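Below is one structure, written out as structure tokens; comments come after it.
The values are calculated or read from the model by the stated rules, or taken from the named source; none is laboratory data. The shown structure was predicted, so the numbers you read here are calculated from the model rather than taken from an experiment. So basically every Cβ, Gly included, is an ideal-geometry build from the backbone, and we count neighbours across all protein chains shown. Only protein heavy atoms, including side chains, enter the accessible area calculation; ligands, DNA and RNA are left aside. Shrake-Rupley method; radii C 1.70, N 1.55, O 1.52, S 1.80 Å.
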Amino acid sequence: MKSSKKIILTGDRPTGRLHLGHFVGSLRNRLELQNKKDYDEMYVMIADAQALTDNADNPEKIRENIIEVALDYLSIGLDPEKITIFIQSQVPALTELTFYYSNLVTVSRLQRNPTVKNEIKLRNFEANIPVGFFNYPISQAADITAFQANIVPVGEDQLPMIEQAREIVRSFNRIYKDVLIEPKAILPTNKNALRLPGIDGNAKMSKSLGNGIYLADTKEEVKRKVMSMYTDPNHVHVEDPGNVENNPVFTYLEVFASDKDFRKYLPQYQNLEELKIHYQKGGLGDVTIKKFLLQIIENILEPIRLRRAMYEQQIENVYDILKIGSKKANIRANETLRLVKEAMAINYFEDEDLIQKHIKKYNQKEKDSNE
Ligand code: TRP
């Protein structure tokens, strides 16, 4: 029987520490889901095996970042008492499922995946795509279906992965037996949060561009970064009219500033609209808006930083959390693997009928040859 439970699964590749872009794009959403408790099971996976698909020559990087991501998770308030945090490579059923699912997907279908296409370009892989990397949407389908997850909170760029997973589920259920659950993606609700630009104005905050504000950054680092943010390059003097479009300070304020923040820190404005109008007219300096933004970001990061400092003092405990989580994840994924193998009829030793059938077949043969 397929369960009708509400099961949430999501994860991150441990290729670096998590930044504000991750926070608004997915982490905040996860935290809300966790605390709403409107689910039966929730899994958050550190996708080290996926990270290795394009870091085969650098396992050390992945190894070092598992603990960083775990600390980031715990520091934002993900709670191992409520949810299961685990490491992908420690759940072997996921690789087994990937192998069987890959029979259901064509090469041309994988080639059409826009996210993978884009990533291949970014990595200059065009002529030398590792098979594992090319395959990772299939492995991601395994991650999701292994837990019978029906809800997958992700960023926009992951939608093609969820679609691929849905197709695999439909093929599997049609060809073998109706055992897998079709997942649904849920995206962050604030449309400005879909992608937070870098502090340099680049459309994407990313480690390789060095333009991120990290959850683990010190107060001084955050201050330095915010105060050096790119704004409107033509807004040279305070009295110059300024542009709020493509101005990351305003994009961040869209995401983070509430009317309450205005009442508290900039009471001369009711809301962001008024601030924008003043900026566009001229007479509002970048330092004022940056200080305001800094205050708001610090209100978010300060408690995260404190919680991180606490967990940093108990690393052994953090590894235990991951170990216990991985154990739980194995139990769940193995159940699904059993169902999958049964549906595919590759469960030979559990299949008493098969054995009986073959006993009969060869008994018959024996009889026939005696007649
Ligand atoms: N591809 C995701 C990322 O890069 C990580 C991931 C791996 C994932 N498996 C997943 C996300 C399953 C959601 C569900 O961030």
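For the range 115-187, give me every one of the helices (runs of 4 or more DSSP H) that falls completely inside it and has 1 or more residues that are within 12 Å of the ligand (Cβ to nearest atom) and either of a type in the set (A, V, I, L, M) or at pLDDT below 90 (or both).
Working: elements: 131-134, 136-146, 159-175.
Per the criteria, 136-146, 159-175.
Might you check whether a residue that is on the phi < 0 side of the Ramachandran plot, open to solvent by 40 Å² or more (accessible area, probe 1.4 Å) and in contact with a Lys or Arg (Cβ under 9 Å, 6 or more places away or on another chain) occurs anywhere in the range 322-344?
yes
Looking at E273, E245, E220, E239, which one is out of contact with any helix residue (DSSP H, G or I) (no Cβ under 7 Å at 6 or more places or on another chain), under 24 Å from A309 (Cα atoms) and open to solvent by 60 Å² or more (accessible area, probe 1.4 Å)?
That would be E220, the only listed residue that is out of contact with any helix residue (DSSP H, G or I) (no Cβ under 7 Å at 6 or more places or on another chain), under 24 Å from A309 (Cα atoms) and open to solvent by 60 Å² or more (accessible area, probe 1.4 Å).
Rundown of residues vs (1) within 23 Å of the chain's Cα centre (by Cα); (2) closer than 30 Å to E119 by Cβ; (3) assigned to a loop (DSSP other than H, G, I, E, B), yes/no style:
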| site | (1), (2), (3) |
| --- | --- |
| S208 | yes, yes, yes |
| V226 | no, yes, no |
| T251 | yes, yes, no |
| F262 | no, no, no |
| G283 | no, no, yes |
| K291 | no, no, no |
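Filter the range 37-55 for residues that are under 12 Å from P153 (Cβ atoms) and surrounded by fewer than 22 Cβ atoms within 10 Å (Cβ to Cβ) and give the result.
Of everything in the range 37-55, just one residue is under 12 Å from P153 (Cβ atoms) and surrounded by fewer than 22 Cβ atoms within 10 Å (Cβ to Cβ), namely Y39.
Looking only at the range 16-33, count every residue that is open to solvent by less than 40 Å² (accessible area, probe 1.4 Å), out of contact with any Pro (no Cβ under 8 Å at 6 or more places or on another chain) and within 12 Å of the ligand (Cβ to nearest atom) and tell me the total.
Residues in the range 16-33 being open to solvent by less than 40 Å² (accessible area, probe 1.4 Å), out of contact with any Pro (no Cβ under 8 Å at 6 or more places or on another chain) and within 12 Å of the ligand (Cβ to nearest atom): 4 in total.
Collect the residues in the range 106-122 that are surrounded by fewer than 18 Cβ atoms within 10 Å (Cβ to Cβ) and under 30 Å from I346 (Cα atoms), keeping them in residue-number order.
T106, V107, S108, R109, Q111
What is the one condition in (1) open to solvent by 20 Å² or more (accessible area, probe 1.4 Å); (2) within 17 Å of the chain's Cα centre (by Cα); (3) within 20 Å of K2 (Cα to Cα) that A165 does not satisfy?
Status for A165: all satisfied but (1).
Given the conditions (1) open to solvent by 80 Å² or more (accessible area, probe 1.4 Å); (2) closer than 30 Å to D40 by Cα; (3) assigned to a helix (DSSP H, G or I), report the number of the one that K82 does not fulfil.
(3)
Hey, I7 hits all of (1) away from the ligand (no atom under 14 Å from the Cβ); (2) in contact with an Asp or Glu (Cβ under 7 Å, 6 or more places away or on another chain); (3) under 20 Å from P188 (Cα atoms) but one; which does it fall short on?
Evaluating I7 over (1) away from the ligand (no atom under 14 Å from the Cβ); (2) in contact with an Asp or Glu (Cβ under 7 Å, 6 or more places away or on another chain); (3) under 20 Å from P188 (Cα atoms) leaves (1) as the failure.
Is it true that S75 is in contact (Cβ under 8 Å) with a residue 12 or more places away in the chain, among the polar types (S, T, N, Q) and either within 16 Å of the ligand (Cβ to nearest atom) or farther than 19 Å from Y214 by Cβ (or both)?
no
List every residue pair whose Cβ atoms sit under 9 Å apart, with the two residues 6 or more apart in sequence or on different chains, where the first one lies in the range 210-229 and is at positive phi and the second, anywhere, is of a type outside the set (K, R) and outside any strand (DSSP E or B).
Taking only residues 6 or more apart or on different chains, the pairs are G210/G198; G210/D200.
If you check every pair at least six apart or on different chains, which have Cβ atoms under 7 Å apart with a residue in the range 45-58 that is free of Cβ contacts under 8 Å to residues at least 40 places away in the same chain first and a residue that is within 12 Å of the ligand (Cβ to nearest atom) second?
Going by the 7 Å Cβ cut-off, the qualifying pairs are A51/R13; A51/P14; A51/T15.
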